[in-house]
1. In the stretch 1-104, if the dipole is taken from +1 on Lys/Arg beta carbons and -1 on Asp/Glu beta carbons about the Cα centre, which of Leu60, Asn15, Gly32 is farthest to the positive end?
2. Taking 27 Å as the cut-off for C-alpha to C-alpha distance, list the pairs among Lys14/Lys64; Lys21/Lys90; Lys39/Lys113 that go past it.
3. Around Leu100, under 12 Å between beta carbons, what's the net of Lys plus Arg minus Asp minus Glu among the other residues?
4. Can you check what the net charge comes to around Phe48, using other residues whose Cβ is under 13 Å from the Cβ of Phe48 (Lys, Arg +1; Asp, Glu -1)?
5. Excluding residues on the same chain fewer than 8 positions from Lys53, give the aspartates and glutamates whose Cα lies under 12 Å from its Cα.
6. Give the aspartates and glutamates reachable from Lys41 as a straight Cα distance under 14 Å; neighbours fewer than 8 places away on the same chain don't count.
Amino acid sequence: MDSILSTYKTTTVKNVAVWFKAGAASDFTDNGGSCIKYKGKQIAVFNFKRENKWYACQNLCPHKLEMVLSRGMIGDDNGIPKVACPMHKKSFSLENGENLNGDLDAIATYPVKIEGGFVFVGFDD
């Protein structure tokens, strides 16, 4: 299962090679997550409407290796936007993927931009 985790790698705006058109912004849940697929990877995309920000991360929770983060609860931890796994409540920063519980490795995160009413997620391919 470690090979599944190794397919996810954080991408920053500086190293984006491809902006993947994930869909119309109106198709994404307000203050919640949705799952997209990109080259065999499941990516969780979050519309943090109350903060007017968008985030993306791997959908795979490293705790039990389940594809569930898109169904997690979003909120903040001392001002850090986060998602909590719906299964065991392990929390991860949506900004940098850090495990806020301190007991797991970080998850991969991806930049998101909105243009012309569409959501684009950046990958470094």
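1. Selected residue: Asn15.
2. Lys14/Lys64; Lys21/Lys90
3. On the way: positive: Lys82, Lys89, Lys90; negative: Asp76, Asp77, Glu95, Glu98, Asp103.
In short, -2.
4. Values: positive: Lys49, Arg50, Lys53, Lys82; negative: Asp30, Glu51, Asp76, Glu95.
Cβ neighbours under 13 Å give a net charge of 0.
5. Partners within reach: Asp30, Glu95.
6. Output for Lys41: Glu66, Asp124, Asp125.
Each value in this text was obtained by applying a stated rule to the coordinates, not by laboratory testing. Because the structure is a prediction, the values reported are computed rather than measured. Positions of Cβ are generated from backbone atoms using ideal geometry, with glycine treated the same way; all protein chains shown enter the neighbour counts.
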